[in-house]
Amino acid sequence: MGHGIAQVSAMAGHDVSLRDVDETIVADGVDAIDENLQGGVQRDKVTPAEREDALDRIEGTTDLAAAASDADLVVEAVPEDVELKQNVLGEAANVAPDDAVLASNTSSLPVTEIAAALDEPGRFVGLHFFNPVHIMALVEVVVAEQTSDETLAFATEFVEGIEKTPIEVADSPGFASSRLGVSLGVEAMRMLQEGVASPRDVDQAMELGYNHPMGPVELGDVVGLDVRLDILEHLREELGERFRPPQILKRKVRAGKLGKKTGEGFYVWEDGEIVGASDDWGEDV
C-alpha cells in the first residue's frame, strides 16, 4: 500500500519520500512503482514523460528523519497493529514539522485510539486507500474524535488533489468500506466452505449479476487473507458474532496461503495473474 500511495502522490506533482526499515524493501517499493508506471505507458494511460517525472519526484530511504523532516503530510502504511502504528507515528511526529498532518492508512483499527498516543492528536486523521492504489478511486477520510477541522480540510483537499474521491466517515469499527466489504467477503467464504459454488462461480455471480469490478473471493486474495482475518477478528470483538471468521479462512492463513502475495489463496497466482483455483477451497475437497 505504501508504494501505491507514493505513486499516486508523485503523479499528482508532490515530492515523495518512501521510507521503510530495510533497504531491500525500499528498493522493491520503488521497483513496483516503476513497473506500474511502465504498464501505464504500455496501455497509453501514462506518457513516458509523466512516468519519468513521477519517478524523479520519489526518493527511497530508510532514514525516517530524512523522509519526514520537510513533510506536509506523513502517511503510515505499516501492518494492522495499534501499538506499532502509534510508535511509528510518534517517531514521525518527533521529526516532522510542527504543522505536518499525520495520517494512518488503517482499514479497520480505531483512529481515535491511534491518535490518543500522539502529543498533538488534532493533526491526525485516517486516510484509508484501496488496493491497488493507482487504480482505485476511493479514499476514506476517517475522522478521529481529536481530528481538528483544519486537519480534516487539509486531508480532503489532498485526496481531491491526487484525483481520488474522498468520503468522510466517523471513527467506527470497520469504518464504511471495510465493514461492508468483509461482510460480503465472509459470506462468500462461508459459501465456499459449504460447497455452494466454486470461487470463480461465486465471483462471477457478483461481477456479472451485480456489476462488481472484482468478485469477493478474488478481492480477498488481492487484499490478503491475513488482512481479512485481522479485520474480521477486530470486528467480531467490536460488533459481535456476525463477523466470526470462518474456519476455511483460518486454515488458509495457518497454511501460509495468504492470496496473491504468496502465490496461493483461494486462487493460484503466477506473475500477478490467476491461473487456477486452489485445490482446497471447499469443505469437501
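Only the coordinates and a few stated rules stand behind these numbers; no lab work does. Everything numeric in this text was worked out from a predicted model, so none of it was measured. So basically every Cβ, Gly included, is an ideal-geometry build from the backbone, and we count neighbours across all protein chains shown.
Each residue of segment 165-180 is assigned a 3J(HN,Hα), and the resulting list reads 9, x, 10, 8, 10, 6, 5, 8, x, x, 6, 9, 6, 5, 4, 6 Hz, derived from the Karplus form 6.51 cos²θ - 1.76 cosθ + 1.60 (θ = phi - 60°), x at Gly and Pro. Once the Cα-Cα distance is subtracted from the 0.36 nm per residue extended length, the Arg254 to Asn94 segment shows a gain of 53.8 nm. Using C-alpha pairs under 8 Å with a sequence gap of at least 6, the mean separation divided by the residue count of the chain gives a relative contact order of 12 percent. Annotation: amide H-H contacts under 5 Å for Gly60 (H modelled 1.01 Å from N, sequence separation of 5 or more, or interchain): Leu18.
Over all other residues within a Cβ to Cβ distance under 10 Å of Phe243, the charged ones net out to 0, with Lys and Arg as +1 and Asp and Glu as -1. So what is the calculated 222 nm ellipticity per residue for the chain, using -39500 (n - 2.57) for each DSSP H run with n of 4 or more, over all residues, to the nearest 500 deg cm²/dmol? When only DSSP H runs of four or more count, the value is -14500 deg cm²/dmol. Across the cross-link table entries Lys85/Lys260; Lys164/Lys257; Lys164/Lys250; Lys45/Lys252, which are compared at the Cα atoms, the separations over 26 Å belong to Lys164/Lys257; Lys164/Lys250; Lys45/Lys252. Find, among the trypsin sites (Lys or Arg not before Pro) in segment 1-110, those assigned to loop by DSSP (not H, G, I, E, B) with at most 14 other beta-carbon atoms within 10 angstrom. In loop regions of segment 1-110 (DSSP not H, G, I, E or B), the sparsely surrounded trypsin sites (Lys or Arg not before Pro) are Arg43, Lys45.
Compared with the direct C-alpha span, the chain from Gln38 to Glu270 gains 81.6 nm at full extension, assuming 0.36 nm per residue. The phi torsions of segment 121-130, fed into the Karplus equation with coefficients 6.51, -1.76 and 1.60 and a -60° offset, translate into couplings of x, x, 9, 10, 8, x, 10, 8, 7, 10 Hz, rounded to whole numbers, with Gly and Pro shown as x. Using the Karplus relation 6.51 cos²θ - 1.76 cosθ + 1.60 with θ = phi - 60°, the per-residue 3J(HN,Hα) values for segment 57-63 come to 8, 10, 10, x, 7, 9, 8 Hz, with x marking Gly and Pro.
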